[in-house]
There are 2 protein chains.
Amino acid sequence: MELHGGNIYKVKREFGKEVLDYSSNINPLGVPKKFKEILIENLDMLERYPDVEYRDLKEAIAKYNGCEIENIIVGNGATEVLFLYMKKIEAEKILIVGPTFAEYERAAKSAGKIVEYFPYEKDFSLDFEKLKKASSNFQVVVICNPNNPTGKFQYKEKILDFALFLEKSGKNLFIDEAFIEFLENWKEKSVRNLNLKNIFILRALTKYFALPGVRLGYGISFNKELLNEMERVREPWSVNAVAELAGRVILEDIDYIKATDSWIKEEKVWLYNELKKIDKIVPEKTETNFILIKLLTMSSKEFRERMLKENILVRDASNFRFLDTTYIRVAVKDREKNLKLLKAIEKVVK
Amino acid sequence: MELHGGNIYKVKREFGKEVLDYSSNINPLGVPKKFKEILIENLDMLERYPDVEYRDLKEAIAKYNGCEIENIIVGNGATEVLFLYMKKIEAEKILIVGPTFAEYERAAKSAGKIVEYFPYEKDFSLDFEKLKKASSNFQVVVICNPNNPTGKFQYKEKILDFALFLEKSGKNLFIDEAFIEFLENWKEKSVRNLNLKNIFILRALTKYFALPGVRLGYGISFNKELLNEMERVREPWSVNAVAELAGRVILEDIDYIKATDSWIKEEKVWLYNELKKIDKIVPEKTETNFILIKLLTMSSKEFRERMLKENILVRDASNFRFLDTTYIRVAVKDREKNLKLLKAIEKVVK
């Protein structure tokens with residue numbers, strides 16, 4: 001599982017002490033308080049199977065996204081939904097726009113698909129005209145939006161135009177919006193309501209609601225045949241009862257959402273500006289809650305190791321395809337922790 | 001998902017009120033108290049990913065079973081482990097001994113295997129000599145032990161003899177021990193330590209520890225190549241953090257285990273004897289925490305519907321292959337609830 005960044009347990013085992021985890025991109029406000037309270041009151045639900053149809057959960061998700069219950073599929077983390085999609089989408093060849101999250105490739109290959117990559121430009125922008133040409137031989141194009149690890153966002157109009165282009169030749173677009181809720185007015189920016197049969201949207205509660213331990217992801221699609229096929233092969237009860245409860249509670253937690261929105265709006269700009277002031281590193285401007293950083297004087301491996309000595313774990317981004325050993329990625333956390341991060345980086349690059 | 005019995009949610013939606021669920025076979029002592037306390041103290045762990053290697057969890061399971069960490073694979077419920085096994089075991093044809101749990105067939109077929117069934121005898125005993133002959137064309141034989149829904153148990157010596165027979169021709173044996181902990185001295189009766197490469201053992205925390213909502217299952221195997229192959233294709237973090245914590249806590253909860261053992265030892269015999277006294281039904285003697293009942297004067301559908309009017313949900317067992325519309329299954333619960341069950345059955349069959 002070396003593809004992933006956030007193996008804090010392995011680091012702890014090797015390093016022997018607790019470290020500040022800047023390698024995984026979780027909302028620093030932590031587990032929503034209201035959810036904790038409701039969970040504690042309802043622990044006896046664990047002695048029952050979850051609803052195998054996940055009716056109430058799907059209703060809550062549909063309401064949150066302004067769509068219908070039959071457009072929703074839920075999964076054990078976004079991972080399960082991704083794997084089911086790759087298993088059931090009719091396609092031989094998948095084109096992934098990168099650098100990006102490694103799991104798309106793993107899911108596609110485990111479903112026997114052929115995978116190729118299309119690169120972002122040098123400044124990590126996306127040239128849709130080039131992508132249109134490059135996509136001619138593929139049945140599915142995968143875009144992570146906003147993109148992990150670059151933090152760049154493609155606007156809805158461009159995605160719509162591209163989806164309509166793909167539709168003409170019966171091709172599909174898979175959009176991972178796992179980080180979209182960190183954008184201001186995300187509901188206007190999401191492609192959730194485009195109502196196109198060839199778009200599939202992946203979401204998770206992992207990042208924005210700080211619940212990666214709970215494992216809840218979902219997909220939105222207007223292709224009912226595809227969703228039925230995915231449901232047909234999924235394992236029963238794959239979403240646990242805690243995740244089911246979380247989905248029914250947190251999406252309506254206005255206080256948590258407001259607090260998160262006000263934190264991220266300020267902190268992502270502040271941290272980026274502070275990072276820019278540090279010599280020998282170049283941060284990428286971000287639209288979301290993590291920042292890709294280019295190191296000018298040190299390898300990502302060395303940087304990571306020296307940061308660990310300062311008790312901070314960063315993501316060595318060199319194993320993202322198209323990136324090299326000059327890239328690392330950090331999360332945006334709260335001000336107190338971000339100050340620690342900045343201090344440690346300054347010390348390490350000096 | 002009509003293959004399964006326990007869809008209490010659908011019943012609630014259609015029936016409009018709470019019912020006593022005798023259709024799913026869960027320990028009536030409920031969620032272990034110590035686990036609840038530790039979970040409440042540790043809710044912030046939900047904001048971290050689980051350990052993708054599940055090191056501590058596997059250690060706890062290995063210790064509980066007297067084997068090594070490398071013999072253990074964990075999954076999102078027993079279901080995930082079952083599906084991974086069927087995906088990765090080298091086999092074209094699978095022979096399932098039935099009537100039994102329907103999910104083996106579903107998992108095997110979803111992995112492209114051909115499935116056939118071998119029947120228990122009329123009294124639900126298993127004729128191993130016949131089974132040996134019948135298995136010649138198959139690469140895997142599946143036995144649920146103790147068997148759901150019949151409650152019968154095959155002793156270790158017979159399983160060992162059969163496994164050695166299969167080994168000679170390179171065949172495999174899949175043993176589902178999801179209910180084995182309800183047997184007295186189960187550690188002596190399990191095949192967990194036979195150390196044969198061709199046996200795979202499936203387990204769950206669902207039934208004995210009353211945690212179906214948590215989703216934690218595991219497999220035990222001495223075939224490291226197979227376990228590696230299964231690990232290679234599994235989805236990362238498929239076991240959630242609550243399940244991970246549960247596995248590390250409950251297997252050492254001696255008080256809960258003692259209380260459960262003393263309840264089941266007495267109650268399964270008592271309930272069976274009481275059911276025997278009722279005219280027009282014939283209960284099957286059970287080794288575990290559920291009882292198959294033959295109805296002499298009524299169809300399973302009618303019986304189930306009439307029991308629902310008494311606020312009790314039983315499992316219509318007619319959709320188990322080899323059973324017919326004269327069979328239902330009930331769980332063994334605590335004395336108070338079992339008395340309600342008996343009263344309702346008496347009323348319904350009169």
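The values are calculated or read from the model by the stated rules, or taken from the named source; none is laboratory data. Note that the coordinates shown come from a computational prediction; the quantities given were computed from them, not determined experimentally. Virtual Cβ from ideal backbone geometry, glycine too; neighbours counted across all protein chains shown. Heads up: the accessible areas ignore ligands, DNA and RNA and are worked out on the full protein's heavy atoms, side chains in. Shrake-Rupley method; radii C 1.70, N 1.55, O 1.52, S 1.80 Å.
Worth a mention:
- Residue-wise HN-Hα couplings along the range B:236-241, as the Karplus relation 6.51 cos²θ - 1.76 cosθ + 1.60 with θ = phi - 60° gives them from phi, are x, 6, 5, 8, 6, 5 Hz; Gly and Pro carry x.
- Sorted from shortest to longest, the distances between the residue A:170 label points of this copy and the other copies are 4.1 nm, with each point 7 Å from Cα along the line through the beta carbon.
- Residues of the range A:10-49 whose accessible area (probe 1.4 Å, heavy atoms of protein chains only) drops by at least 30 Å² once all protein chains are present, relative to their chain alone: A:13, A:31, A:36, A:39, A:40, A:43, A:44, A:46, A:47, A:48, A:49.
- Beta bridges per DSSP with both ends in chain A, % antiparallel, nearest 5: 50
- Summing Cβ point charges (Lys, Arg +1; Asp, Glu -1) relative to the Cα centre of the range B:10-142 gives a dipole of roughly 440 debye.
- Cα-Cα separations in the range A:1-103 greater than 16 Å, expressed as whole percent: 78
- Charge dipole (debye, nearest 20) of the range A:74-113; +1 at Cβ of Lys and Arg, -1 at Cβ of Asp and Glu: 100
- Here the accessible area is traced with a 1.4 Å probe on the protein chains. For the range B:1-83, carbon and sulfur cover 48 percent of it.
- Going from the chain on its own to the full set of protein chains, the range B:240-274 has these residues losing 20 Å² or more of accessible surface (heavy atoms, 1.4 Å probe, no ligands, DNA or RNA): B:240, B:242.
- The antiparallel fraction among DSSP beta bridges confined to the protein assembly as shown stands at about 50%.
- Modelled this way, with points 7 Å down the Cα-to-C-beta line, the labels at residue A:53 and residue B:274 are 3.3 nm from one another.
- Solvent-accessible area buried by pairing B with A, both sides, nearest 100 square angstrom, 1.4 angstrom probe: 4500
- Partner shielding of B:71-84 amounts to 2, given as the average count of beta-carbon atoms from other chains within 10 Å of each residue beta-carbon.
- Solvent-accessible area lost in complex, 50 Å² minimum, residues of the range A:52-66 relative to chain alone, 1.4 Å: A:52
- Note on residue A:340 and residue B:266: their simple-model spin labels are 5.3 nm apart, each label 7 Å out from Cα toward Cβ.
- Of all accessible heavy-atom area on the range B:108-246, the percent that carbon and sulfur account for (1.4 Å): 48
- Placing a label point 7 Å from Cα along the Cα-to-Cβ direction at residue B:254 gives distances to the equivalent points in the other copies of 5.3 nm, listed shortest first.
- Packing-based ranking, highest mean first, of B:103-111, B:196-204 given that Cβ atoms within 10 Å are counted: B:196-204, B:103-111
- Linear extension gain, residue B:169 paired with residue B:125, 0.36 nm per residue minus alpha-carbon span: 13.3 nm
- Interchain or long-range residues, amide H under 5 Å from residue B:315's placed H: B:329
- Under the simplified labelling scheme, the residue A:68-residue A:188 pair shows an inter-label distance of 2.8 nm, with each label point 7 Å from Cα along Cα→Cβ.
- Copy-to-copy label separations for residue A:195, where each label sits 7 Å from Cα toward Cβ, in nm and ascending: 6.7
- Other protein chain Cβ atoms within 10 Å, averaged over every residue that makes up A:207-215: 6
- For chain B: accessible area per residue (Å², 1.4 Å): 40
- Placing a label point 7 Å from the Cα of residue B:158 along the Cα-to-Cβ line, no residue of the range B:171-199 has its backbone N under 14 Å from it.
- Full extension of the chain between residue A:232 and residue A:34 gives 67.9 nm of extra length, using 0.36 nm per residue less the Cα-Cα distance.
- In this view, the solvent-accessible surface of residue B:286, computed with a 1.4 Å probe and all protein chains in place, comes to about 20 Å².
- The Cα center of the range B:239-266 and the Cα center of the range A:190-242 differ in position by 32 Å.
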